[in-house]
Amino acid sequence: MFRPLIAASLIVSASASALAQETPATQPTLSLSATAEVQIEPEFATVRSGVVVTAPTAQAAVRENAQMMNAVFTALRREGVDRRDMQTASLTLQPHYEWDDRRTERRLTGYTAQNIVSARVRDLDNVGDVVDAMVGAGANNIQSVSFGAEDTADDLDQARRMAVQRLMEKAELYASAAGLELCGIVRMSENQAMPQPMYANTMMRMEASAMADTPVAAGELTLSASVHADFCISNG
């Protein structure tokens, strides 16, 4: 009764042992990453600026903010910024409260309305004048000035090729230093390659009187690409 079961168990064990002997050991790998950058001339600037107004009532805050923002939009158009290059980036209205002396009760003290526009300036020599014009029209919250380019595909591909070349050179170096040989690439992946926007100095909540002939330097735009690969290695 038990002998057939024992025999069957022995056959299964023997087959599993033979399969284990035929399965090759896990191939050792070398995992490396490399990054490359290229610099290009920026083609436009993006100015994020707008108006922040605090008033006793929500209606008054919104109304005053709207009047000042209309002047800001007019100033942008006067400086040659096209309507299609203007976009509302943020529009908020928030209440303000204060605690009483005993900090047992809060009372409403007013409202703050904020309206931020993102304006693309295609003439880089005119960026400082655009900033000055916006502030002169009433903008009191300049959040950032960044630079970019329209078509960066070819430049990003160049960064990718450079990153792969550096990765292969690094793999050869590591393998040689360890007395090993590369036998191929098991897998390869790319971290997101994208332009890195360059920012000029950020100016927050500035008064019009403090702005005069604002200098803005465009510099260069950095494009970065990063690749990762697992290389199989052997003792030669």
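The values are calculated or read from the model by the stated rules, or taken from the named source; none is laboratory data. All values derive from a computational prediction rather than experimental measurement. Every residue, glycine as well, gets a Cβ built from its backbone with ideal geometry; the counts of neighbours run over all protein chains shown. SASA here: full protein model, heavy atoms, side chains in, ligands and nucleic acids out. Shrake-Rupley method; radii C 1.70, N 1.55, O 1.52, S 1.80 Å.
Is it the case that TYR111 is touching a His at 6+ places or on another chain (Cβ under 9 Å) and free of Cβ contacts under 8 Å to residues at least 60 places away in the same chain? So TYR111 passes the test.
Counting the residues of region 133-165 that are open to solvent by 20 Å² or more (accessible area, probe 1.4 Å), farther than 30 Å from GLU79 by Cα and under 24 Å from the mean Cα position of the chain (by Cα) gives 9. Each residue in region 182-235 was checked for being open to solvent by less than 30 Å² (accessible area, probe 1.4 Å), part of a loop (DSSP other than H, G, I, E, B) and modelled with pLDDT of 70 or more, and 2 pass. Screening ARG78, ARG103 for residues that are in contact (Cβ under 8 Å) with a residue 12 or more places away in the chain and of a type in the set (Lys, Arg) leaves exactly one candidate, ARG78. Considered as a group, the residues in region 80-113 that are open to solvent by less than 40 Å² (accessible area, probe 1.4 Å) and within 19 Å of GLY50 (Cα to Cα) include one that is nearest to the chain's Cα centre (by Cα), and that residue is SER90. Would a scan of region 104-127 turn up a residue that is closer than 20 Å to PRO215 by Cβ, among the hydrophobic types (A, V, I, L, M, F, W, C) and part of a strand (DSSP E or B)? Within region 104-127, one or more residues are closer than 20 Å to PRO215 by Cβ, among the hydrophobic types (A, V, I, L, M, F, W, C) and part of a strand (DSSP E or B).
If the requirement is being open to solvent by 60 Å² or more (accessible area, probe 1.4 Å), in a helix (DSSP H, G or I) and β-branched (Val, Ile, Thr), which of these qualifies: VAL62, VAL72? Only one candidate passes the filter, namely VAL62.
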